[in-house]
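Engineer: Before anything else, here's the structure in question.
The values are calculated or read from the model by the stated rules, or taken from the named source; none is laboratory data. Since we're looking at a predicted model, the values are computed, not measured. Because the Cβ atoms are built from the backbone with ideal geometry, glycine has one as well, and the counts that use them run over all protein chains shown.
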Amino acid sequence: MATRPIKFYQVGSHAAGNRLLDPELRSVAADPNRSNAITKGHRACQGCGEALGARYALDAAMRATGGQLIAANATGCLEVFSTPYPESSWQMPWLHSLFGNAPAVATGIAAALKAKGRSDVRVVGQGGDGGTVDIGLACLSGMFERNDDVLYICYDNEAYMNTGVQRSGSTPPAARTMTTQAVGEEPGNVFGQGKSMPRIAMAHEIPYVATATVADLRDLEAKVERAMEMRGARYLHVLVTCPLGWSCEASATIEVARLAKETGLFPVFEAIDGEVSSVSKIRRRRPVEEYLELQGRYKHLFKPTRREDVLAHIQAIADRNIERYGLL
Amino acid sequence: MDLKTRLHVGWIYTRLQEDFTERSARTAMFQIRIHGRGGQGVVTAAELLSLAAFREDRHAQAFPSFGSERTGAPVVSFCRIDDHEIRTREPVSEPDALIVQDPTLLHQVDVFGGLRSDGYVLINSTRSFDELGLGEWTQGFHHERLLTVPAWDICRRHIGQMRPNAALLGGLAALTAVVSLESVTQAIESRFAGNLAEGNVAAARACFEHVIAARQVYVDA
Amino acid sequence: MLEQLEGSRAVARTVALCRPEVIPAYPISPQTHIVEALSAMVKSGELAPCEFVNVESEFGAMSVAIGASATGARSYTATSSQGLLYMAEALYNASGLGLPIVMTVANRAIGAPINIWNDHSDSMSQRDSGWIQLYVESNQEAVDTHILAFRLAEELSLPVMVCMDGFILTHAYERIDLPSAEQVDGFLPAYEPRQVLDPAEPVTIGALVGPEAFTEVKYLAHVKQMQALDLIPELSRELSGVLGREQDGLLRRYRCEDAETIVVALGSVLGTIEDAVDELRERGVSIGAVGLKAFRPFPLEDVRAALGHAARVIVIEKALALGIGGIVSQNVRIAIAGSAAHVYTVIAGLGGRPITAASVCRLYEDAAAERLQPLTFLDLNSELVERELERTRARRRSGPHAENMLRDVGVVAAGPV
């Protein structure tokens with residue numbers, strides 16, 4: 001379905017009223033008959049962006065496929081909090097194998113369905129940033145290269161959170177983690193090359209690549225639906241706030257995610273066959289500081305002294321994204 | 001081949017069969033070792049030989065001495081032929097027959113190692129054993145069982161390629177009678193197609209006849 | 001039907017007759033011919049419906065098999081050596097999840113130093129991964145055992161590894177009786193999973209299990225392996241009937257009745273050992289051989305019964321537990337605990353070094369003359385080792401061991417020819 005920008009006049013909250021929309025345009029989450037693929041009772045932290053994102057994404061996928069969906073999940077927060085022994089909050093067929101193989105397991109599921117003539121049943125592979133951009137990268141790249149019929153969703157909270165907040169290939173520069181601590185002359189994570197998984201996915205020229213955040217859940221749902229209209233390898237990279245790991249208020253999950261977009265640090269876009277096809281523009285541009293200030297993992301950039309050099313460096317990254325993707 | 005020659009060939013062949021039967025009575029298993037270089041089809045030669053034996057309803061085991069693939073490097077393959085199941089898997093260390101596909105190996109690799117004193121040797125060369133500098137070495141062996149055959153020339157003529165692996169099996173059939181020429185040509189036809197099959201069959205036949213003629217010299221002498 | 005063909009190809013054709021639905025494959029010597037043949041069969045449509053997935057690593061291969069098997073598809077792959085190690089995590093995952101995947105391991109040595117030739121260090125390193133391990137002596141047995149493996153795996157819901165000596169069997173051309181489609185179909189029904197990912201009946205597979213139940217889950221896995229001790233002979237008997245050819249079951253005895261000395265081994269070397277036994281028997285020696293087919297589960301009772309009366313047991317094995325000695329012999333010792341028999345461990349054939357009938361005969365002679373040590377490395381070049389040790393004593397920066405010794409030996413490959 002085509003997105004239609006709707007202006008809302010609101011005060012103090014970003015909640016968009018579904019009742020203002022035609023029923024068929026309302027979000028999946030608003031539907032009392034949604035599948036609840038991840039039902040309540042899971043053990044996610046208060047304010048967990050991943051639980052929010054996964055819930056929206058999977059219910060959207062379930063609706064798009066009429067419930068004919070199987071999920072392969074990497075080891076990580078999502079897997080752990082959704083299956084606390086002896087319970088499971090999954091109301092769809094779900095397989096957890098290993099940390100680094102979710103894309104390959106998903107490939108296997110899709111291959112089995114194809115061999116059995118059951119291509120009506122669709123496959124989602126999912127994992128965190130660690131399982132996707134680091135240890136799972138080879139399997140993911142193989143899946144892309146073969147164009148296996150899988151939608152892979154990465155919930156990116158920018159570190160190995162489930163094991164206690166260690167740095168991953170997705171951890172942004174200057175961020176504090178337990179293995180990039182806020183000590184020494186260059187506290188926090190180094191300014192490396194970064195690893196843009198969406199761009200790597202685009203380099204494979206797969207049918208569909210998109211990024212999203214938990215600040216715009218309707219957009220996330222729409223992208224999942226769009227992805228499920230296609231066949232072949234599809235990749236969705238979702239920025240999910242982790243209040244614990246980022247040291248921000250649990251109530252600020254959505255606000256922080258929105259600022260990631262509005263500063264330009266997390267570009268939101270779609271790409272078809274390796275070319276950017278649409279961009280979600282910044283509504284009101286903010287300086288990166290406003291985003292960084294909300295998170296304790298960047299505290300050392302402000303106290304005891306302001307690190308103007310680092311802030312400027314991060315701002316330059318945002319500026320570059322804005323220019324590269326045409327975010328304004 | 002005219003009738004007289006054909007009869008003569010047949011007679012020689014019978015002599016060879018007797019030769020072979022006599023040794024068969026001692027030990028049924030016949031072991032062949034083939035030497036060549038990577039890219040010359042040494043492994044295929046052993047396989048074809050095993051196929052030929054299979055066609056005669058015998059058991060045969062063919063395998064290479066394994067190594068990383070590399071064109072030009074010395075390669076060895078083995079074939080065992082027997083009337084009953086072959087259980088052993090060790091390399092052939094005491095061959096009954098040797099085929100040397102590439103004469104440049106002769107003074108580089110110990111191709112003759114372990115050859116039985118009543119063993120057969122077939123070397124791809126236009127020169128004789130003496131001319132190859134192997135005259136002295138032949139002491140202690142049966143001279144009529146050590147032959148050279150100009151396989152490259154034969155192959156160039158019949159196949160247009162200088163890969164003598166299948167052709168030399170025709171020579172082996174003539175020399176040892178461990179398999180018949182018919183079985184060798186059938187094996188070739190089952191593995192190759194079209195011109196390649198035809199050419200190799202013709203080359204095998206030519207090698208066979210060359211060896212028969214060469215042995216005739218010994219018989220007459 | 002009798003055919004003269006390469007072992008790998010025979011295995012591929014037999015696996016194809018077992019109707020696998022998903023075959024993920026990553027190449028590694030010396031398994032390549034198997035997966036190449038299967039890929040051609042899938043691509044040409046000869047093997048259908050089947051998805052052949054060219055994966056990016058062995059870890060990917062086993063992971064794809066896991067996903068496919070959990071979705072109810074019969075899954076197969078093959079690997080060797082380093083590849084088996086690379087999928088080690090996934091091996092444990094597959095067995096822990098109870099997925100009936102069948103895999104051919106074309107046995108090859110594990111580096112460093114890198115070596116592409118046969119020994120059992122690869123599969124032995126994964127003996128406790130929860131997979132059933134079956135070792136075959138010949139290509140005929142390889143063919144027959146793959147059919148058994150699929151049925152065994154699916155009845156127990158456990159993965160099965162069929163181990164065949166790399167190069168020695170995989171690349172040998174020999175006479176093999178290939179089964180017909182009817183024969184295989186008669187023995188191997190369609191796969192009916194105990195657990196399956198199905199939108200109609202959603203299940204969660206792969207949840208965390210804490211201290212409260214982990215022991216029980218593992219115990220159940222052990223129980224299932226023990227069930228294989230009964231199931232393997234039972235299915236082997238059934239398969240013997242279907243193929244018209246005697247199958248070995250858990251182990252094979254060769255001229256063991258009243259044998260004073262018994263040689264124990266796994267895999268293709270048994271053929272050579274049987275030749276040696278015949279030769280020695282002709283000389284009046286009381287000797288026999290036991291070939292272990294099932295290594296996991298380890299058939300303690302059957303081994304005990306087979307070796308019970310022997311005074312001497314010579315275990316010839318193609319792998320070793322560095323720092324202690326034999327692997328197979330350790331397991332054999334457990335089986336015959338309490339017996340007065342002398343058990344000798346002979347490490348042989350490492351990295352593809354040939355084992356000859358003559359060496360086996362010499363081993364017997366040494367054992368009979370009480371010259372054989374409890375742990376022996378067959379045909380060891382002690383001088384070579386001593387010279388390297390001398391180098392290490394002489395200089396701190398003595399250089400890499402392997403390269404030093406190779407230079408010492410001469411760069412041409414070691415071996416009798």
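Engineer: Checking B:Leu172 against (1) assigned to a loop (DSSP other than H, G, I, E, B); (2) at negative phi; (3) in contact with a strand residue (DSSP E or B) (Cβ under 9 Å, 6 or more places away or on another chain), only one condition comes out false. Which one?
Structural biologist: Among (1) assigned to a loop (DSSP other than H, G, I, E, B); (2) at negative phi; (3) in contact with a strand residue (DSSP E or B) (Cβ under 9 Å, 6 or more places away or on another chain), B:Leu172 violates only (1).
Engineer: I'd like to know if segment A:115-137 contains one or more residues that are modelled with pLDDT under 95 and more than 7 Å from chain C (Cβ to nearest Cβ).
Structural biologist: The first filter runs over segment A:115-137 and keeps only residues modelled with pLDDT under 95, leaving A:119.
Next, from what is left, pick out any that are more than 7 Å from chain C (Cβ to nearest Cβ): A:119.
So far as segment A:115-137 goes, yes, one or more of its residues are modelled with pLDDT under 95 and more than 7 Å from chain C (Cβ to nearest Cβ).
Engineer: I'd like to know if segment C:268-279 contains one or more residues that are among the charged types (D, E, K, R) and either under 22 Å from C:Arg237 (Cβ atoms) or modelled with pLDDT under 95 (or both).
Structural biologist: Restricting attention to segment C:268-279, the residues satisfying the condition of being among the charged types (D, E, K, R) are C:274-275, C:278-279.
After this cut, where a residue has to be either under 22 Å from C:Arg237 (Cβ atoms) or modelled with pLDDT under 95 (or both) as well, the list is none.
Looking through segment C:268-279, none of the residues is among the charged types (D, E, K, R) and either under 22 Å from C:Arg237 (Cβ atoms) or modelled with pLDDT under 95 (or both).
Engineer: While we're on this one: Would you be able to tell me the number of residues in segment C:147-176 that are of a type in the set (Lys, Arg) and within 14 Å of chain B (Cβ to nearest Cβ)? Steps first, please.
Structural biologist: As a first pass, look at segment C:147-176 and keep what is of a type in the set (Lys, Arg): C:151, C:175.
Pick out the ones that are also within 14 Å of chain B (Cβ to nearest Cβ) and you get C:175.
The qualifying residues number 1.
Engineer: Of everything in segment C:253-271 that's within 17 Å of the chain's Cα centre (by Cα) and of a type outside the set (A, V, I, L, M), which residue is surrounded by the fewest Cβ atoms within 10 Å (Cβ to Cβ)?
Structural biologist: From segment C:253-271, those within 17 Å of the chain's Cα centre (by Cα) are C:264-271; that's our starting set.
Filter again for of a type outside the set (A, V, I, L, M), leaving C:267-268, C:271.
On the way: C:Gly267: 30, C:Ser268: 32, C:Gly271: 22.
Selected residue: C:Gly271.
Engineer: For A:Ala104, indicate whether it is surrounded by 24 or more Cβ atoms within 10 Å (Cβ to Cβ), part of a helix (DSSP H, G or I), modelled with pLDDT of 95 or more and out of contact with any Phe, Trp or Tyr (no Cβ under 9 Å at 6 or more places or on another chain). It would help to see each step written out before you state the result.
Structural biologist: Details: surrounded by 24 or more Cβ atoms within 10 Å (Cβ to Cβ): yes; part of a helix (DSSP H, G or I): yes; modelled with pLDDT of 95 or more: yes; out of contact with any Phe, Trp or Tyr (no Cβ under 9 Å at 6 or more places or on another chain): no.
Against the criterion (surrounded by 24 or more Cβ atoms within 10 Å (Cβ to Cβ), part of a helix (DSSP H, G or I), modelled with pLDDT of 95 or more and out of contact with any Phe, Trp or Tyr (no Cβ under 9 Å at 6 or more places or on another chain)), A:Ala104 does not qualify.
Engineer: Does B:Glu209 satisfy being farther than 21 Å from B:Val43 by Cα and modelled with pLDDT of 95 or more?
Structural biologist: Numbers: farther than 21 Å from B:Val43 by Cα: yes; modelled with pLDDT of 95 or more: yes.
Judged against the criteria, B:Glu209 is a match.
Engineer: Considering only helices (runs of 4 or more DSSP H) fully contained in segment C:340-417, which possess at least 1 residues that are under 28 Å from C:Ala265 (Cβ atoms) and outside the structural domain of C:Glu274 (by TED's automatic domain parsing)?
Structural biologist: Working: elements: C:357-368, C:382-394, C:401-409.
Filter on segment C:340-417 gives C:382-394, C:401-409.
Engineer: Quick one: C:Asp144 ticks every box in (1) within 14 Å of chain B (Cβ to nearest Cβ); (2) crowded, with 24+ Cβ neighbours inside 10 Å; (3) in a helix (DSSP H, G or I) bar one, so which box is it?
Structural biologist: Every listed condition holds for C:Asp144 apart from (1).
Engineer: Still on this structure: Scan segment C:302-326 for residues that are closer than 19 Å to C:Gln225 by Cα and either under 19 Å from the mean Cα position of the chain (by Cα) or in contact (Cβ under 8 Å) with a residue 40 or more places away in the chain (or both) and jot them down. Please lay out each step first, then the result.
Structural biologist: At the first step, the residues of segment C:302-326 found to be closer than 19 Å to C:Gln225 by Cα are C:302-304.
Across segment C:302-326, the qualifying residues are C:Asp302, C:Val303.
Engineer: From the list B:Val178, B:Val149, B:Val100, exactly one residue is over 15 Å from B:Cys79 (Cβ atoms) and surrounded by 14 or more Cβ atoms within 10 Å (Cβ to Cβ). Which is it?
Structural biologist: So the residue among B:Val178, B:Val149, B:Val100 that is over 15 Å from B:Cys79 (Cβ atoms) and surrounded by 14 or more Cβ atoms within 10 Å (Cβ to Cβ) is B:Val149.
Engineer: Please verify whether segment C:226-237 includes one or more residues that are in contact with a Leu (Cβ under 9 Å, 6 or more places away or on another chain), within 21 Å of A:Phe99 (Cα to Cα), in contact (Cβ under 8 Å) with a residue 40 or more places away in the chain and among the aliphatic types (A, V, I, L, M). Lay out the reasoning, then the answer.
Structural biologist: As a first pass, look at segment C:226-237 and keep what is in contact with a Leu (Cβ under 9 Å, 6 or more places away or on another chain): C:227-229, C:231-233, C:235-236.
Those still in the list that are within 21 Å of A:Phe99 (Cα to Cα) too: none.
Looking for residues that are in contact with a Leu (Cβ under 9 Å, 6 or more places away or on another chain), within 21 Å of A:Phe99 (Cα to Cα), in contact (Cβ under 8 Å) with a residue 40 or more places away in the chain and among the aliphatic types (A, V, I, L, M), one finds none in segment C:226-237, hence no.
Engineer: Name the single residue that is surrounded by the fewest Cβ atoms within 10 Å (Cβ to Cβ) among those in segment C:74-100 being of a type outside the set (D, E, K, R), within 10 Å of another protein chain (Cβ to nearest Cβ) and not in a helix (DSSP H, G or I).
Structural biologist: C:Leu97
Engineer: Ok, one more. Mind counting the residues in segment C:335-375 that are farther than 18 Å from C:Met124 by Cβ, hydroxyl-bearing (Ser, Thr, Tyr) and away from chain B (no Cβ under 14 Å)?
Structural biologist: Of the residues in segment C:335-375, 3 are farther than 18 Å from C:Met124 by Cβ, hydroxyl-bearing (Ser, Thr, Tyr) and away from chain B (no Cβ under 14 Å).
Engineer: A further question follows. Considering only residues that are within 7 Å of chain A (Cβ to nearest Cβ) and assigned to a loop (DSSP other than H, G, I, E, B), look in segment C:45-73 and name the one that is surrounded by the fewest Cβ atoms within 10 Å (Cβ to Cβ).
Structural biologist: Once the filter is applied, the top-ranked residue is C:Pro49.
Engineer: Let me ask something else about it. Quickly run through segment A:236-292 and pick out the residues that are in a helix (DSSP H, G or I) and surrounded by fewer than 19 Cβ atoms within 10 Å (Cβ to Cβ). Give the steps one after another, and end with the answer.
Structural biologist: Within segment A:236-292, the subset in a helix (DSSP H, G or I) is A:243-246, A:250-262, A:288-292.
Hits for segment A:236-292 are A:Leu244, A:Ala250, A:Ser251, A:Ala252, A:Glu255, A:Glu289, A:Glu290.
Engineer: Go through segment C:29-71 and give me each residue that's of a type in the set (D, E, K, R) and more than 17 Å from C:Val15 (Cβ to Cβ).
Structural biologist: Applying the first criterion (of a type in the set (D, E, K, R)) to segment C:29-71 yields C:36, C:43, C:46, C:51, C:56, C:58.
The answer is C:Glu56, C:Glu58.
Engineer: Among the residues of segment C:180-224, which ones are at pLDDT below 95 and in contact with a strand residue (DSSP E or B) (Cβ under 8 Å, 6 or more places away or on another chain)?
Structural biologist: The one that is at pLDDT below 95 and in contact with a strand residue (DSSP E or B) (Cβ under 8 Å, 6 or more places away or on another chain): C:Ala207.
Engineer: Regarding C:Ser329, is this residue surrounded by 13 or more Cβ atoms within 10 Å (Cβ to Cβ), touching a strand residue (DSSP E or B) at 6+ places or on another chain (Cβ under 8 Å) and more than 14 Å from chain B (Cβ to nearest Cβ)?
Structural biologist: The answer is yes for C:Ser329.
Engineer: Within segment A:178-199, how many residues are crowded, with 17+ Cβ neighbours inside 10 Å and either of a type in the set (Asp, Glu) or touching a residue at least 60 places away in the same chain (Cβ under 8 Å) (or both)?
Structural biologist: Of the residues in segment A:178-199, 5 are crowded, with 17+ Cβ neighbours inside 10 Å and either of a type in the set (Asp, Glu) or touching a residue at least 60 places away in the same chain (Cβ under 8 Å) (or both).
Engineer: Answer with yes or no whether A:Asp31 is more than 13 Å from chain C (Cβ to nearest Cβ), closer than 24 Å to A:Thr241 by Cβ and in contact (Cβ under 8 Å) with a residue 24 or more places away in the chain.
Structural biologist: Numbers: more than 13 Å from chain C (Cβ to nearest Cβ): yes; closer than 24 Å to A:Thr241 by Cβ: no; in contact (Cβ under 8 Å) with a residue 24 or more places away in the chain: yes.
No: the conditions fail for A:Asp31.
Engineer: May I pose another question? In segment C:177-206, which residues are more than 30 Å from C:Ser81 (Cα to Cα) and within 14 Å of chain A (Cβ to nearest Cβ)?
Structural biologist: To start, the set of residues in segment C:177-206 that are more than 30 Å from C:Ser81 (Cα to Cα) comprises C:180-183, C:185-187, C:189-190, C:192, C:194-204.
Within segment C:177-206, C:Ala190, C:Glu192, C:Gln195, C:Val196, C:Leu197, C:Asp198, C:Pro199, C:Ala200, C:Glu201, C:Pro202, C:Val203, C:Thr204 qualify.
Engineer: Can you say whether B:Gln31 is at pLDDT 95 or above, assigned to a strand (DSSP E or B), within 9 Å of another protein chain (Cβ to nearest Cβ) and in contact with a Cys (Cβ under 9 Å, 6 or more places away or on another chain), as far as the supplied structure shows? It would help to see each step written out before you state the result.
Structural biologist: Values: at pLDDT 95 or above: yes; assigned to a strand (DSSP E or B): yes; within 9 Å of another protein chain (Cβ to nearest Cβ): no; in contact with a Cys (Cβ under 9 Å, 6 or more places away or on another chain): yes.
No.
Engineer: Does segment A:71-99 hold any residues that are buried (at least 24 other Cβ atoms within 10 Å of the Cβ), more than 7 Å from chain C (Cβ to nearest Cβ) and part of a loop (DSSP other than H, G, I, E, B), and which are they?
Structural biologist: A:Ala74, A:Thr75, A:Gly76
Engineer: When you go through C:Ala181, C:Ala190, C:Ala221 one by one, which is the residue that is within 23 Å of the chain's Cα centre (by Cα), surrounded by fewer than 19 Cβ atoms within 10 Å (Cβ to Cβ) and in contact (Cβ under 8 Å) with a residue 40 or more places away in the chain? Talk me through it step by step, then tell me what you get.
Structural biologist: Numbers: C:Ala181 fails: within 23 Å of the chain's Cα centre (by Cα); C:Ala190 fails: within 23 Å of the chain's Cα centre (by Cα).
Answer to the selection: C:Ala221.
Engineer: Among the residues of segment B:51-65, are any part of a loop (DSSP other than H, G, I, E, B), farther than 21 Å from B:Ser183 by Cα and facing another protein chain (nearest Cβ under 9 Å)? Please lay out each step first, then the result.
Structural biologist: Of the residues in segment B:51-65, the ones part of a loop (DSSP other than H, G, I, E, B) are B:56-58, B:65.
Going one step further and asking which of them are farther than 21 Å from B:Ser183 by Cα, we end up with B:65.
Now narrow it down to the ones that are facing another protein chain (nearest Cβ under 9 Å): B:65.
Within segment B:51-65, one or more residues are part of a loop (DSSP other than H, G, I, E, B), farther than 21 Å from B:Ser183 by Cα and facing another protein chain (nearest Cβ under 9 Å).
Engineer: Hey, another quick one. For C:Thr32, work out the one condition from (1) within 18 Å of the chain's Cα centre (by Cα); (2) farther than 27 Å from C:Ala181 by Cα it doesn't fulfil.
Structural biologist: (2) is the only condition that C:Thr32 fails.
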